[in-house]
Amino acid sequence: MTAPTRTNSGGSSASRNGQRGGRGSGQRGGQGSGQGSGQGQRGAQGPDQGSDQRIAPHDVLPGAMPGPLGPPPRLSRGTLRIVALGGLAEVGRNMAVLEIDGKLLVIDCGVLFPEDNQPGVDLILPDFSHIADRLDDVVAVVLTHGHEDHIGAVPFLLRLRPDIPLVGSTLTLAFIEAKLKEHRIQPYTLAVKEGQVEQLGPFECEFVAVNHSIPDALAVAVRTSAGTVLHTGDFKMDQLPLDGRITDLRAFARLGEAGVDLFMVDSTNAEVPGFTTSEREITPVLDRVFGSAQRRLIVASFASHVHRVQQVLDTAHQHGRKVAFVGRSMVRNMGVAADLGYLQVPKGVLIDLKQVDDLPDSQVVLMCTGSQGEPMAALSRMANGDHRVQVGAGDTVVLASSLIPGNENAVYRVINGLMRLGADVVHSGNARVHVSGHASAGELLYCYNIVKPKNVMPVHGEVRHLHANADLAVRTGVPRDRVVLADCGTVIDLREGRARVTGAVKCGYVYVDGSSVGSITEADLKDRLVLGDEGFISVFVVVDSSTGKVVAGPEVHARGVAEDTSTLQSIAPKIVDALSQAVGQGGGQGAKVDVHQLQQVVRRVVGRWAGTSLRRRPMIIPVVVEA
Ligand SMILES: [Zn+2]
Ligand SMILES: [Zn+2]
């Protein structure tokens with residue numbers, strides 16, 4: 001039995017790994033995109049986007065507080081407040097903020113990847129506005145593991161305050177440090193191990209080993225004067241993991257014995273019955289695929305899935321093949337993992353991409369990113385014939401990863417593209433080349449029975465995942481009114497062993513687009529969608545400022561509207577009529593022409609015409625100039 005090692009340190013013990021980092025471009029990440037209430041609806045989204053429906057207020061706590069939640073009460077001393085700024089009702093941008101006695105502890109700070117209805121968006125960040133003017137009160141950011149949906153937004157948070165200490169395992173910190181280097185930020189870090197206890201301000205954090213699809217993942221137990229919170233991070237319970245590091249159920253039991261007041265539990269696989277298969281089960285499948293492949297093998301997975309890459313390296317070695325890493329993040333992360341001993345590279349198996357052409361195709365494995373169809377990743381570019389690796393007939397492509405909800409179209413586009421080029425494609429739909437990184441319902445039931453929590457808060461998942469997880473908790477005997485189904489921004493206060501929803505704070509989507517952070521709004525995205533779906537019509541017209549008579553134009557132009565010029569010009573007389581009528585109504589000759597009003601008139605006329613004669617609703621851009 002390993003007793004927890006206590007170290008006498010606070011945030012101050014965080015080693016300063018370098019100089020204070022630069023402030024980046026100095027842009028504020030915390031500019032939300034403007035939902036007033038905490039029940040932020042995704043504005044630019046149609047009602048058919050089932051997976052993105054937010055939790056309705058009546059679901060937050062059965063029987064309590066119908067209608068939208070108002071701002072929370074002032075936080076009294078000795079009460080612990082929990083607010084998720086991302087990661088609820090969505091898979092990604094995980095971030096939870098714990099607050100007690102004026103101090104804040106952040107657990108994870110990840111990104112969410114955009115979907116088809118968010119054109120041009122690179123990343124979506126948690127909404128930092130809840131803590132933006134209180135960053136000096138943040139004692140630390142605890143990072144449970146090195147996945148993008150848990151660490152990806154750290155650079156944006158550190159731009160606001162570069163010296164917030166980052167606390168996590170060695171591999172997690174190595175991944176985030178490599179990433180921060182690209183942002184030219186050198187963070188304060190505190191490396192922790194399972195079993196270790198750290199006092200971070202009023203939060204006593206104990207770290208617990210958990211098994212996940214990345215090595216060195218941790219759960220964290222946070223003890224405060226208001227009670228103990230156990231946050232699982234992402235986890236599963238593979239009993240035979242490659243590295244032998246299993247989820248520490250003995251620690252879960254010990255913490256449960258001492259009393260877990262709020263159990264925050266990964267919900268990703270709560271809908272999946274039974275148990276998640278062991279990573280080792282992939283070995284024979286990979287072996288078979290490698291054994292029958294005639295020419296090159298191209299394997300795609302996440303750039304952080306060290307154990308999956310390990311299996312590919314080992315299998316390649318057994319089949320006399322050499323492996324080249326393709327893609328910046330794959331090269332970077334696997335370099336880090338190998339340096340730290342998390343990845344064992346069999347001697348001579350790794351080669352540089354440049355050496356690939358010197359080898360016969362039957363001796364080559366390319367290990368790349370892009371298993372989710374990310375357009376800029378290596379695999380998508382290969383499928384488009386837009387990469388230095390030209391995929392051809394006889395090549396075998398293995399997508400050794402899951403299909404994250406929302407990425408289906410992109411992934412199938414890539415698979416179709418690769419098949420069109422003549423490749424055989426092996427994916428989780430036709431072979432067991434992937435196992436999940438998350439605990440299924442059976443494992444979650446075990447956890448509830450072992451921990452016996454007083455209150456439960458399902459985290460990390462779409463609404464359906466959170467609900468499924470809540471049901472599991474209830475089935476093990478947790479009273480339904482002790483299971484908190486929250487949305488991003490929902491405020492939960494823990495006091496006297498009872499977790500209650502007490503309000504909501506603003507929590508919108510913060511979009512990163514190129515160099516802009518938080519400036520793209522829902523309205524901008526709506527415009528982009530209209531432009532993409534319907535095209536636009538512009539009208540340019542010059543009016544006499546005293547008479548309102550049209551002296552030049554109207555010139556009508558269109559893009560993405562499949563009509564010829566003569567059809568478009570047929571609207572011109574209607575515009576002229578409407579303008580002169582509008583000026584007549586506005587006081588006639590001598591009255592000042594209001595350009596803005598006239599533009600509205602043009603917009604209405606053209607809009608009506610497009611609606612009735614074209615059956616379309618393009619974006620209309622009227623420009624009225626006074627002569
Ligand atoms: Zn994860
Ligand atoms: Zn995750």
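Numbers for the structure displayed
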quantity	calculated
Some residue of the stretch 588-597 being modelled with pLDDT under 75, of a type in the set (S, T, N, Q) and surrounded by fewer than 18 Cβ atoms within 10 Å (Cβ to Cβ)	yes
Restricting the stretch 129-186 to residues that are over 18 Å from residue 340 (Cα atoms), among the small types (Gly, Ala, Ser) and away from ligand 2 (no atom under 16 Å from the Cβ), the residue that is surrounded by the most Cβ atoms within 10 Å (Cβ to Cβ)	140
Of all residues in the stretch 188-228 being surrounded by 24 or more Cβ atoms within 10 Å (Cβ to Cβ) and of a type in the set (Phe, Trp, Tyr), the one that is farthest from ligand 1 (Cβ to nearest atom)	203
Any pair with Cβ under 9 angstrom, 6 or more apart, that starts in the stretch 465-481 at a residue that is of a type in the set (Val, Ile, Thr) and ends at one that is loosely packed, with under 15 Cβ neighbours inside 10 Å	474/480; 476/449
Residue, surrounded by the most Cβ atoms within 10 Å (Cβ to Cβ), within the stretch 69-104, restricted to residues that are at positive phi and more than 16 Å from ligand 1 (Cβ to nearest atom)	89
Filtered residues of the stretch 512-559 (kept if loosely packed, with under 15 Cβ neighbours inside 10 Å and aromatic (Phe, Trp, Tyr))	none
Cβ pairs under 6 Å, 6+ apart, first in the stretch 228-242 and under 23 Å from residue 435 (Cα atoms), second in a loop (DSSP other than H, G, I, E, B) and away from ligand 2 (no atom under 16 Å from the Cβ)	238/278; 240/278
Among residues of the stretch 529-552, those that are over 17 Å from residue 622 (Cβ atoms) and assigned to a helix (DSSP H, G or I), counted	3
Residues located in the stretch 335-376, provided they are under 24 Å from residue 395 (Cα atoms) and buried (at least 22 other Cβ atoms within 10 Å of the Cβ)	364, 365, 366, 367, 368, 369, 370, 371, 372, 373
Residue tally, condition within 15 Å of ligand 2 (Cβ to nearest atom) and either at positive phi or of a type outside the set (Gly, Ala, Ser) (or both), over the stretch 259-275	5
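The values are calculated or read from the model by the stated rules, or taken from the named source; none is laboratory data. This structure is a prediction, so every number in the text was calculated from the model and none was measured. Every residue, glycine as well, gets a Cβ built from its backbone with ideal geometry; the counts of neighbours run over all protein chains shown.
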